[in-house]
Amino acid sequence: MNIGIVCYPTFGGSGVVATELAKILAKKGHNLHILSYARPARLEDFDTRILYHEVSINSYPLFEYPPYALALASQMVNLIEYEQLDLMHVHYALPHATSAYLAKQIMAERGIHVPIVTTLHGTDITLVGKDPSYKHVVEFSIDKSDGVTAVSEYLKKETYENFDIKQNIEVIPNFIDLDRFQATDQTDLKLKLAPNGEKLVVHVSNFRKVKRVPAVIQVFAKTLEHGIAAKLVLVGDGPDRQVAEQQCRSLGICKHVHFMGKWEKVEEILSIADLFLIPSGSETFGLAALEAMSCSVPVVSSDIGGLPEVNIHGETGYACELDDLDCMAKYAVNILSDAELHAKLSENARKRAELFNQEEIVRKYEQFYEQVMTQSSVKSS
Ligand code: GMT
């Protein structure tokens, strides 16, 4: 198949999922065309079956806000026409599903039918998408897609609750590369980060408010208060980095905290982690938790959104109410001080991650593409 993939290029989960999906589909013999405003972070290696197309926006003195959605739609038209796309798969509804709808209408005028698949990821539904300034357009564009997927049951439910959508939403969860994300020997790194054999508590995120990095630090500080010898490794960067640094200073725990910044090989750090903390305020899936679990790391999370579909309370780690940081600290202490419990949770975490095996989940996407193509060709004829 010739497949167009539209995504955001940044470190965020939807861009990662879109790019990894493209890479696996290319390995399976499909031709992929990735459209974005910059090269996606995970698209590092050259693959003859993946072409990256940059959406260029011409600025003009009148435009205080250059119309990216229109430039994207125009570029989609080019690709559909010249690369003869069989299907366009857009990740994150806003504005991608709207641009796709526009491109599809333009192509229909030219007698070409291209089905659109929209994958809902998170704040395109739970935050920005339902904002009154976008809601009508987002709702319309999702409903006009030929196929819609959501990354968790939670997100599917949220979509139906917040939007008047008649489309059937298929849940296709996020997936993991079990070979890349597995515990490997990282003794040198472990010695550098925890020279005295301290336990390693890890958090990985883009440090946006929603990730609640300050809560990570508070839970960690409480763990230290319980007498656990531990280090906190914070991977990533973003708006709350300064706040987090300041918080470490005022709590007097800076010497126990490593700020790693944007560390590409996150699996190396996860390989030596004893615990993963993810107390997010909103999370439709929690890919970072799945990556940790795949490296056999128990997780302590908040119990919001799709996180409980990934991290099973009492089996792969524990989930606490959002504001109950004492609960998170209590479970962190239990995991870090009980070797038997830690071993059991680690084993279960890896087993659970295996259910999100990328081969299986990508096959679901392929089946979904075929189903959408068949249904929409019947409709258009
Ligand atoms: O929705 C967002 O805030 C951004 C989005 C992204 O592009 O990073 O993240 C969402 O998609 C990920 C991949 O499907 C999920 O693992 C994240 O849970 C989800 N983030 C939120 O819901 C906050």
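The values are calculated or read from the model by the stated rules, or taken from the named source; none is laboratory data. The model shown is predicted, which means the values in this text are computed figures rather than measured ones. Backbone-built Cβ (ideal geometry, glycine too); neighbour counts: all protein chains shown.
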Please determine whether any residue of the range 164-178 is part of a helix (DSSP H, G or I), within 16 Å of the ligand (Cβ to nearest atom) and surrounded by 20 or more Cβ atoms within 10 Å (Cβ to Cβ). no
Note: among 229, 150, 194, 215, just one is assigned by TED's automatic domain parsing to the domain that holds residue 287 and within 16 Å of the ligand (Cβ to nearest atom), namely 215
Give me the residue from the range 113-130 that is more than 16 Å from the chain's Cα centre (by Cα) and at pLDDT 95 or above and, out of that set, farthest from the ligand (Cβ to nearest atom). 113
Give me the residue from the range 90-105 that is assigned to a helix (DSSP H, G or I) and closer than 17 Å to residue 33 by Cβ and, out of that set, farthest from the ligand (Cβ to nearest atom). 104
Scan of the range 1-23 for residues that are closer than 18 Å to residue 290 by Cα and either more than 13 Å from the chain's Cα centre (by Cα) or near the ligand (Cβ under 10 Å from one of its atoms) (or both), ordered by number: 11, 12, 13, 14, 15, 16, 17, 18
Being touching a residue at least 40 places away in the same chain (Cβ under 8 Å), crowded, with 16+ Cβ neighbours inside 10 Å, in a helix (DSSP H, G or I) and under 22 Å from the mean Cα position of the chain (by Cα), is that true of even one residue in the range 29-50? no
Exclusive hit being assigned to a helix (DSSP H, G or I) and either in the same structural domain as residue 125 (by TED's automatic domain parsing) or within 17 Å of the chain's Cα centre (by Cα) (or both), set 353, 329: 353
Does the range 339-378 hold any residues that are among the basic types (Lys, Arg) and either touching a His at 6+ places or on another chain (Cβ under 6 Å) or in contact (Cβ under 8 Å) with a residue 12 or more places away in the chain (or both), and which are they? 350, 352, 364
Report yes if residue 142 is within 12 Å of the ligand (Cβ to nearest atom), assigned by TED's automatic domain parsing to the domain that holds residue 364, in a helix (DSSP H, G or I) and β-branched (Val, Ile, Thr), otherwise no. no
Checked the range 256-274 for anything within 21 Å of the chain's Cα centre (by Cα), assigned to a loop (DSSP other than H, G, I, E, B) and aliphatic (A, V, I, L, M); matches are 273
Of the candidates 291, 309, 283, the one satisfying the condition of being in contact with a helix residue (DSSP H, G or I) (Cβ under 7 Å, 6 or more places away or on another chain), in a helix (DSSP H, G or I) and over 20 Å from residue 335 (Cα atoms) is 309
